[in-house]
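A short reminder: the numbers here are calculations on the coordinates, not readings from a lab. Source: prediction; values computed, not measured. So basically every Cβ, Gly included, is an ideal-geometry build from the backbone, and we count neighbours across all protein chains shown.
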Amino acid sequence: MKIYKDNEIDFMEVNMQWAKDVKMKILIWDSDGSKNIIMRLFSVSENWHTPRHTHDFEHVVKVIKNKWIYVDKDWKEHEIKEWMSLFVPWNELHQFKNPNSESLEFLCIIPNPEKNNCCIDSKKKT
């Protein structure tokens, strides 16, 4: 078992074209003994959004601070508030929007990219 204080883990910039003003902390990773999933904390600047996109893996999202808009595959917008959770199925078209004047934070749990070849370029916490 590993226990961490999230505030002792540094944020790192997300180096993806669509991720302007997005930072991430990797909270749980394979080096912690998690063989199948990783947990990340994202901080997203105000008035930001992703492009509509898909992933070849499912993910679970939980809003920790503020609220945002989730745009589903049918272009329907859903307000997701603090402490609400969201499941995004494998390869489902979606978009996240932060229309607020302050940043938001959310947890995102995904399959381990070492096993699933997905989305994380950098390793572990600093």
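Give me, ordered by chain and number, the residues 5 or more places off H49 or on other chains with an amide H under 5 Å from its own placed amide H.
N98
State the label only: which of (1) 11.1; (2) 7.4; (3) 9.2 corresponds to mean projected area of the Cα convex hull in nm² computed from the shown model?
So the calculated entry is the one marked (2).
Treating the beta-carbon of each Lys and Arg as +1 and of each Asp and Glu as -1, no other charges, what is the dipole magnitude of the chain about its Cα centre, to the nearest 20 debye?
My answer is approximately 220 debye.
Measure up K5/K97; K35/K76; K5/K81 against 31 Å on the Cα-Cα distance and list the ones that go over.
Over 31 Å apart, Cα to Cα: K35/K76.
Given the C-alpha centroids of region 73-113 and region 18-45, what is the distance between them in whole angstrom?
Comparing the Cα centres of region 73-113 and region 18-45, I get a distance of 14 Å.
Skipping prolines and chain starts, which residues have an amide H placed within reach, meaning under 5 Å, of the one on N112, given they are 5 or more residues away or on another chain?
Answer set, sorted by chain and number: I37, I38.
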